[in-house]
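Have a look at the structure below, then the notes.
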Amino acid sequence: MTATAPARPETTSLATVGLTKRFGGVTAVDGATVSFHHGKVNALIGPNGSGKTTFFNCVTGMIRPDEGTVTYRDADITGKAPHRIARAGVGRSFQLCRVFPRMTVMENMLVAVRSTSLRRQLSSARNAEELDRARGLLARVGIEHLEHSLARDISYGQQKLLELAGVLMADPETIMLDEPAGGVNPALIDRIATLVRSLNAEGKTFIVVEHNMELVMGLSDHVVVFDRGRPICEGTPSVVQSDPRVLEAYLGI
């Protein structure tokens, strides 16, 4: 009889211990201890108001947690400035798409990786390497034909693709997406899912907040469920879908 090798433990990419954020008398994130798997597509789901976006904001330095720690690849990043967390290898999108509406699509791409003043970003070093990379990423998300369009003149779905392409300009190891399917049509949802799968196959780790359960369960390797600011369940999609705590808190069953 051939012995079966034991399953290899998952490597942690990002983890929190006791993460807490309060807004006055409201505890938005309540002692959350959770980990996300390196090299996988992780999902963070839960009812509206369960603390998912606040959790993202604490992790990425947009707001400072009141208690607890955040580690990325075993390094403490708790409360660090967003640009420092980005340089550590974490990129993110936002629930409400953030682009510069009065800049062209290409200018948005270049701003994403420039650290000098805004005027200098747009007037000087449009070097060939950056332009080529930007054009390649715009082609990858399917909006290369909009390079010279103002961001305000393209559709919301195209702005979502532009935001994702801008995140990719910095070549982050881990990409955090906050409701990538929100407000977009089914064809674009399929395109986003295809992009996530292909980038994950190339080694990118994803942590995705999403309400589209069909997308979450078809895309994710590991799912964490939040309720009232803390994780109540985590595991594979099949494990999470059958957990009675999830059925009660999230699906209302």
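All of the numbers you see were taken from the coordinates with simple rules; none came from a lab. As the structure is a computational prediction, the values presented were derived from the model and not from experiment. Here the Cβ is made from the backbone with ideal geometry for all residues, glycine too, and neighbour counts use every protein chain on show.
Quick one: dipole size for the chain, taken about the Cα centre, charges +1 on Lys/Arg Cβ and -1 on Asp/Glu Cβ, in debye to the nearest 20.
On the way: 28 positive and 27 negative charges, 156 e Å.
Roughly 760 debye, rounded to the nearest 20.
Note that the chain, at 4 °C in a medium of 1.567 mPa s, gets a Stokes-Einstein diffusion coefficient of 68 µm²/s from its Kirkwood radius over C-alpha pairs. Peptides 40-46, 70-76 ordered by packing proxy, namely the average of other Cβ atoms within 10 Å per residue, highest first: 40-46, 70-76.
Under 16 Å from a label point 7 Å along Cα→Cβ of Ala170: give me every residue in segment 182-205 with its amide N that close. The answer is 205. Between the listed residues Val223, Leu44, Gly157, the Cα displaced farthest toward the positive end of the dipole of the chain, a dipole computed from Cβ unit charges relative to the Cα centre, is found at Gly157.
In terms of other Cβ atoms within 10 Å, Val223, Val113 run from fewest to most in the order Val113, Val223. Among Pro101, Pro82, Pro172, which one moves the most in a GNM of the chain with springs linking Cα atoms closer than 10 Å? The residue that fluctuates most here is Pro101.
For the chain, set up a Gaussian network in which alpha carbons nearer than 10 Å are linked by springs, and say which option among Thr12, Thr27, Thr174 fluctuates the most. Residue with maximal mean-square fluctuation among Thr12, Thr27, Thr174: Thr27.
From the P(r) of segment 157-196, can you give the percent of Cα pairs sitting at distances over 10 Å?
For segment 157-196, the share of Cα pairs beyond 10 Å comes to 72 percent.
Legend: ranking of residues Ser35, Ser198, Ser220 from fewest to most surrounding C-beta atoms inside 10 Å; resulting order Ser198, Ser35, Ser220. Going by neighbour counts of Cβ atoms within 10 Å, the residues His83, His37 line up, fewest first, as His83, His37. Sites listed here are trypsin sites (Lys or Arg not before Pro) in segment 183-232 whose DSSP assignment is loop and whose Cβ has at most 16 other Cβ atoms within 10 Å: Arg228.
The sum of -39500 (n - 2.57) across all DSSP H runs of n ≥ 4, divided by the residue count of the chain, sets its helix-only mean residue ellipticity at 222 nm to -10000 deg cm²/dmol.
Dimensions of segment 45-95 based on its C-alpha atoms, expressed as ranges along the principal axes with the largest first, amount to 30, 24, 18 Å.
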